[in-house]
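What follows is a set of notes on a single structure, which appears directly below.
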Amino acid sequence: MGIINKCLFPVAGYGTRFLPVTKAIPKEMLPILTKPLIQYAVEEAISAGICSMTMVTNKHKKAIENHFKPHADIEKSIKNTTKEVLLDEVNAISEQCDFSYVEQQEMLGLGHAIYTSKPLIGVDAFAVILPDDLCTSDSDSVLLQMIKLYKQNPDCCIVAIKEVPESEVDKYGVIEGELLKDSNNAYRVHNMVEKPAPIEAPSNLAIIGRYILTHEIFEVLKSTQPDKNGEIQITDALMTLAKVGKVIAYQFQGRRFDCGSVKGFIEANSVFAKEQLQSL
Ligand code: UTP
């Protein structure tokens, strides 16, 4: 108990905020500099000791699968040139990790996407990364920080949280909780509200795209009712577990870029570009 071997990447969404580019290119393939968001996400999972990657995808997202497969023609054309190293990182990922894919047939929400992965997940707890939330950290990756907390609380799901301006709480699931004993960054969650109006929000601690989920989540998702838009929300399923004290919210150390929004995507590219230019 307490070991996380699998990471799930729900990537079936259409990324409509990025149209027209996402008509033919999956949102997760958009680059921060020259590396696609999905590769940053997989690298974060590897940094947390995980080598088994499962993606919930759809028929329009084959580019993600191709990204982690060898490309013999390109490799042949750059062999023995200075460009050879440019594929080293992604080739190393393909060699050390296994990838599995399952199609979400209908876009019925993040909770439904996670439920779709059930046959591939097995019986243990697992990590979830939403690749459009790009997280960076000077020390342990955000996922590794969360796994360390999970090991001390193996009956609980862990959600990553971040303080957001009050005016933005209506874009997130927001938690209400009390600090765990001897902790200044982990809360036992009592309540979670999906996209509250600022005046009704229980806090400004917003859930972002990193989770550790116990296998119990599948049982709960099975009986979670769709919301008014017909989507099954992971927040609603987690609320059922929070009621019995089984959800911990963790305020991680590090920076998060909301690359699911055009503003956050531009910001990430600008911060990474500045760093790269300084190092040249
Ligand atoms: P978003 O709410 O960001 O939706 O999904 P989206 O489709 O990716 O983007 P927009 O809003 O149209 O621009 C959050 C995460 O949940 C996944 C998405 O792929 C993304 O990683 N998701 C969402 C699914 O896999 N299936 C769904 O039915 C819904």
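The values are calculated or read from the model by the stated rules, or taken from the named source; none is laboratory data. Predicted model, so just to flag it, every value in this text is computed and none were measured. Please note: Cβ atoms are built from the backbone with ideal geometry, for glycine as well, and neighbour counts cover all protein chains shown. Just the protein is used for accessible areas: all its heavy atoms, side chains included, with ligands, DNA and RNA removed. Shrake-Rupley method; radii C 1.70, N 1.55, O 1.52, S 1.80 Å.
Mind pulling the per residue volume of the convex hull built on the Cα atoms of the range 79-178? Å³ is fine.
Here the figure is 214 Å³ per residue.
In 5 Å bins starting at zero, report the fraction of Cα pairs in the range 152-232 per bin as a rounded %.
With a bin width of 5 Å, the distribution comes to 3, 13, 20, 23, 22, 13, 5, 1, 0.
What angle do you read, to the nearest 10 degrees and between 0 and 90, between the alpha-carbon axis of helix 142-152 and the longest principal axis of the chain?
40 degrees
Whats the longest run of the chain with zero trypsin sites (Lys or Arg not before Pro) that are DSSP loop and have at most 10 other Cβ atoms within 10 Å?
80-180
Once you have a ≥ b ≥ c as the square roots of the Cα gyration tensor eigenvalues for the range 231-272, tell me rounded if a/c is under 1.5, and otherwise prolate or oblate according to whether a/b is larger than b/c.
oblate
Working from Cα positions, state the angle (0 to 90°, nearest 10) between the long axis of helix 37-47 and the longest principal axis of the chain.
On a 0 to 90 degree scale, this one is about 70.
Carbon and sulfur atoms: what percent of the 1.4 Å accessible area of the range 3-120 do they account for?
56 percent
Quick one: length gained pulling Val271 to Ser77 fully straight, 0.36 nm per residue minus the C-alpha distance?
Net length gain for the segment: 66.6 nm.
Report the Cα centroid-to-centroid distance between the range 135-183 and the range 78-115 in angstrom, as an integer.
If you average the Cα positions of each part, the centres end up 26 Å apart.
If you wrap the chain's Cα atoms in a convex hull and average its projection over all directions, what's the area in nm²?
In nm², the orientation-averaged hull projection of the chain is 15.7.
Of the options Val85, Ser270, Phe257, report the single residue whose Cα projects farthest towards the positive end of the charge dipole of the chain (beta-carbon charges: Lys, Arg +1; Asp, Glu -1).
Val85
Binning at 10 Å from 0, report for the range 187-246 what percent of all alpha-carbon pair distances ends up in each bin.
Here the calculated profile for the range 187-246 is 19, 54, 26, 1.
Say R0 is 51 Å: what FRET efficiency, to the nearest 0.05, do Leu33 and Glu106 get from their beta-carbon distance?
Once rounded, the FRET efficiency stands at 0.90.
Determine how many Å³ per residue the convex hull of the Cα atoms of the range 205-280 encloses.
Once divided by residue count, the hull of the range 205-280 is 143 Å³.
Using just the alpha carbons, could you tell me how many Å³ per residue the convex hull of the range 1-59 encloses?
97 Å³
Could you estimate the translational diffusion coefficient of the range 1-103 from the Stokes-Einstein equation, with Rh from the Kirkwood formula over C-alpha pairs, at 20 °C and 1.002 mPa s, in whole µm²/s?
Here the translational diffusion coefficient equals 145 µm²/s.
If you wrap the range 95-252's Cα atoms in a convex hull and average its projection over all directions, what's the area in nm²?
Here the figure is 10.4 nm², rounded to one decimal.
How high is the relative contact order of the chain? Use alpha-carbon pairs under 8 Å, at least six apart in sequence, and give a whole percent.
Normalised by residue count, the contact order of the chain is 24 percent.
Could you give the alpha-carbon Rg of the range 174-218 over 2.2 N^0.38 Å, rounded to two decimals?
This ratio for the range 174-218 stands at 1.29.
Once you charge only the Cβ atoms, +1 for Lys and Arg and -1 for Asp and Glu, what is the size of the charge dipole of the chain about its Cα centre, to the nearest 20 debye?
Charge dipole, the chain, about its Cα centre: 380 debye, nearest 20.
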